[in-house]
Amino acid sequence: MMEELMKLKETELCLGLPGGVETVETPTKSGVGNKRGFSETVDFKLNLQSNKQGHVDLNVTVAHKEKTKDPAKPPAKAQVVGWPPVRNYRKSVMAHQKSSEVEEASSCGGGRGGTVAFVKVSMDGAPYLRKVDLKMYKSYKDLSDALAKMFSSFTMGSYGAQGMIDFMNESKVMDLLNSSEYVPSYEDKDGDWMLVGDVPWPMFVESCKRLRIMKGSEAIGLAPRAMEKCKNRS
Amino acid sequence: MKEDRSEMAAKDVELDPRSAAISEPLSSSSSSPAAFNAVVSAGNKSRSCKSSLPVTQPPCPGHVLENVLENVLQFLTCRRDRNAVSLVCRSWYRVEAQTRFEVFIGNCYSLSPSRLTRRFKGVRSLLLKGKPRFADFNLMPPDWGAQFAPWVAATAMAYPWLEKVNLKRMFVTDDDLALLAESFPGFKELILRCCEGFGTSGIALFANKCRQLKVLDLIESEVTDDEVDWISCFPEGETHLESLSFECVESPINFKALEGLVLRSPFLKKLRTSRFVSLEELHRLMVQASQLTSLGTGSFSPNDVPQGEQEPDYASAFRASKSIVCLSGFRELTPEYLPAISPVCANLTSLNLSYANISPDILKPIIRNCHNIRVFWALDSICDEGLQAVAATCKELRELRVFPSDPLEDSESPVSALGLQAISEGCRKLESILYFCQRMTNGAVIAMSENCPQLTVFRLCIMGRYRPDHVTGKPMDDGFGAIVKNCKKLTRLAVSGLLTDEAFSIIGEHGKLIRTLSVAFAGDSDMALRYILEGCPKLQKLEIRDCPFGDVGLRSGMHRYHNMRFVWMSYCRLTRGGCRDIAHALPSVVAEVFGSDVDDDDDNADYVETLYMYRSLDGARKDAPKFVTIL
């Protein structure tokens with residue numbers, strides 16, 4: 001490994017072994033306690049100008065880097081509370097973005113054995129999408145209960161403004177999933193739209209890419225295709 | 001971003017001991033008006049005050065003079081000037097109190113609401129700040145305080161013509177919003193920054209009741225999702241809306257209603273949508289509202305477009321929006337679509353990409369056209385290379401913020417001294433910088449101090465604690481020292497990296513205009529704190545964490561705490577006894593002590609985890625929770 005490092009012309013590295021000699025000046029302390037502990041830290045001198053892309057080749061750093069040890073400071077956790085000083089708001093937005101990326105990956109791959117299986121749920125007439133994690137539910141009943149709750153809440157009859165799209169009221173939503181007025185359909189791995197409930201639940205979770213709650217009249221066209229597909233499967 | 005500029009501009013008043021001496025005969029209350037002025041100040045936004053308050057007494061010579069004064073004072077908006085005016089004599093004090101329409105309170109616990117209403121009778125605009133900044137970083141337990149409720153109750157009685165409320169880090173409930181909406185028929189502007197405690201139901205009620213509403217800006221606030229379609233609750237018919245900002249509202253939005261609202265808001269100039277507005281929806285909004293000057297673009301990502309449908313021409317929507325000068329949002333950016341903003345780039349003065357994880361290659365073609373940019377926020381994903389591109393083009397840059405895409409201490413940061421150096425060389429007019437990185441060199445910081453003499457705000461966060469200059473191995477003393485020596489206009493400084501007491505000696509000596517100082521994981525001993533407190537004559541806000549500063553250091557500032565807005569010290573070496581001594585010696589200062597473990601009773605009772613100390617005209621607050629001890 002060291003030989004490889006020495007061969008790297010573009011990036012100049014000074015590698016110090018843990019606990020041994022290194023090139024960093026340890027600032028002298030006067031009795032406040034050994035806060036820095038640099039002798040235990042491996043540090044590098046990097047020539048930042050060298051790399052063509054303008055950023056440092058940090059692969060090596062990752063392998064050899066150790067945390068700054070500080071025996072005299074209170075909590076010895078890996079991450080200190082509130083540090084670095086980034087607002088919670090920003091952290092949660094970034095975290096949400098990251099999890100969305102995970103969602104996209106897993107729903108595209110049909111839930112490739114990941115721990116989450118987010119799929120988008122749209123309902124005809126509702127002007128926004130919701131997302132559900134199919135892995136949170138154990139059966140079609142669970143899922144339909146959750147969907148009913150999700151879409152039944154957008155019923156602001158008393159605040160209705162002009163020009164607003166009509167929302168489903170609660171009884172209708174309950175009906176829709178029990179009766180044939182509104183029907184949940186889903187897009188499977190092949191891109192086909194199927195009626196929800198045609199395959200065993202675990203298989204559904206694996207193959208469902210997104211959900212659409214559509215009017216019964218539009219779902220009629222799906223039924224024959226779904227049946228065809230079932231036949232072809234078995 | 002608007003909120004941060006106003007924060008930067010809003011200045012607290014300095015208490016001038018000379019004017020305190022002049023003022024003595026005036027006030028009937030127990031504190032001098034000078035002290036009052038120190039905590040309450042007029043805003044510095046100019047107002048066109050059309051009508052004066054009715055004159056209730058028959059004119060006589062003294063009153064004629066007062067009337068004249070009243071008419072003159074209406075033009076005085078700078079709060080520092082107003083404070084000076086109020087100290088001249090009793091008559092001037094009275095007239096000033098009558099004509100102060102905008103009041104700024106930097107710490108809601110520095111005085112009681114009743115004191116405010118006793119002195120000022122004609123307040124129309126209130127700017128109130130609650131929790132100190134370190135509360136944003138989980139250093140303060142929840143339910144600490146800063147409730148808006150007592151303020152809305154007091155002002156509801158005293159100021160029926162209140163028009164504007166601007167809150168930062170306050171706890172605001174739905175009931176507060178309801179009371180606000182009901183009490184002030186002419187209410188025009190509500191700005192909530194970094195607030196919490198309310199939800200979409202409160203917003204819905206507020207939007208419905210305030211028929212004169214011009215501004216509703218919810219910025220970086222926590223808004224609970226009550227599953228209420230609040231956007232539909234705006235009254236029907238044409239609105240007076242000029243600014244609507246709801247980027248932080250984490251609940252789906254009724255787009256049809258939003259579209260309808262925009263259509264009937266001909267005065268709307270600023271619209272900042274949440275991530276629940278897709279790119280297609282944004283397009284529709286832009287087409288209907290081409291008069292917008294400031295646009296928060298929502299997700300900037302298309303919904304799944306079914307095959308066969310035409311995609312809207314996003315670039316043409318931007319081309320049609322000739323007035324846009326400020327862009328933000330990009331909350332779930334699909335990078336291929338970013339070039340759509342190109343038509344407005346040349347006009348942009350402000351661009352916030354700080355929620356978009358984009359590479360240099362995505363940034364460069366865009367920033368190349370942004371010659372007029374003055375404010376630029378981004379993630380460090382743009383790398384040093386992206387910063388170099390900014391430096392090459394954005395010669396008018398005044399404010400730069402580079403946030404970490406991976407805000408962990410040991411993450412790999414793609415920005416470094418190289419980027420900072422490039423910016424310093426390219427953007428000579430820079431006034432404000434916030435820069436997160438893992439490591440830094442003194443050289444780059446010194447370069448910035450020399451190249452950017454206009455700097456008023458320098459905040460460098462080297463995320464790796466105690467990191468020295470990674471090239472020389474020396475502490476970062478020289479770099480920060482150069483900043484305070486060369487940047488003579490510096491008012492705000494945040495330091496990081498390995499710093500010795502020497503650094504603070506230089507800061508204390510040269511930081512003559514510094515008002516806000518943030519210190520973390522730095523210094524060797526109490527001397528560092530002493531240097532700061534015995535220097536930095538204009539220091540108002542001092543926030544410290546994890547430094548080896550103890551009671552001795554704290555004591556060295558006793559002569560000035562009554563002149564400061566607050567001091568925050570957490571995870572230092574303070575003892576309860578030491579803090580108590582200071583609290584007892586300074587009656588005008590309130591010292592709060594608390595810890596993060598709210599149930600921790602007497603374990604290590606002498607150790608002070610957090611000290612939050614601030615001046616107050618009305619003593620200790622009555623609403624302190626159990627885990628807070630007021631010494």
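The values are calculated or read from the model by the stated rules, or taken from the named source; none is laboratory data. Keep in mind that this is a model prediction, so the values were computed, not measured. All Cβ positions, even for glycine, are placed from backbone atoms using ideal geometry, and neighbour counts span all protein chains on display. Just the protein is used for accessible areas: all its heavy atoms, side chains included, with ligands, DNA and RNA removed. Shrake-Rupley method; radii C 1.70, N 1.55, O 1.52, S 1.80 Å.
Can you give the net charge of the other residues whose Cβ lies under 11 Å from the Cβ of residue B:415, counting K and R as +1 and D and E as -1? Spelling it out: positives minus negatives among the neighbours equals -3. The equivalent ellipsoid of chain B has semi-axes of 38, 35, 23 Å, largest first, where each one is the square root of 5 times an eigenvalue of the Cα gyration tensor. For the stretch B:353-400, a decrease in accessible area of 30 Å² or greater in the assembled protein chains relative to the isolated chain, with a 1.4 Å probe, applies to B:355, B:385. Debye-formula intensities of the stretch B:536-631, expressed as log10 I(q)/I(0) at q = 0.10, 0.15, 0.19 Å⁻¹, are -0.24, -0.54, -0.89 (one equal scatterer per alpha-carbon, no solvent).
Of the trypsin sites (Lys or Arg not before Pro) found in the stretch B:371-420, the ones in coil according to DSSP and having at most 15 other Cβ atoms within 10 Å of their Cβ are B:395. Taking a ≥ b ≥ c as the square roots of the eigenvalues of the alpha carbon gyration tensor, the stretch B:122-246 is oblate, as a/c is not under 1.5 and a/b does not beat b/c. Restriction of the trypsin sites (Lys or Arg not before Pro) in the stretch B:198-241 to DSSP coil positions whose beta-carbon has at most 16 other beta-carbons within 10 angstrom yields B:211. With all protein chains kept in place, the per residue accessible area of chain B amounts to 35 square angstrom at a probe of 1.4 angstrom. Just the protein heavy atoms count here, and of the accessible area of chain B at 1.4 Å, carbon and sulfur take up 53 percent. Contact with the other protein chains removes 40 Å² or more of accessible area, compared with the isolated chain and a 1.4 Å probe, from these residues of the stretch B:244-269: B:252, B:254, B:256. Taking chymotrypsin sites (Phe, Trp or Tyr not before Pro) in DSSP loop conformation with at most 14 other Cβ atoms inside 10 Å as exposed sites, chain B has its longest uninterrupted site-free stretch at B:268-631. In loop segments of the stretch B:245-312 as defined by DSSP, the GluC sites (Glu not before Pro) with at most 14 further C-beta atoms inside 10 Å of their C-beta are B:309.
Adding -39500 (n - 2.57) for every DSSP H run of four residues or longer, then dividing by how many residues chain B holds, sets the calculated 222 nm ellipticity at -9000 deg cm²/dmol. Measuring heavy-atom accessible area with a 1.4 angstrom probe and counting protein chains only, the residues of the stretch B:440-482 that give up at least 50 Å² relative to the chain alone are B:465, B:466, B:470. Give me the one-decimal nm value for the distance between modelled label points at residue A:91 and residue B:428, 7 Å along each residue's Cα-to-Cβ direction. Each label point is offset 7 Å from its Cα along the Cβ direction, giving 4.1 nm. Heavy atoms of chains A and B lose about 6100 Å² of accessible surface on contact, summed over both sides with a 1.4 Å probe.
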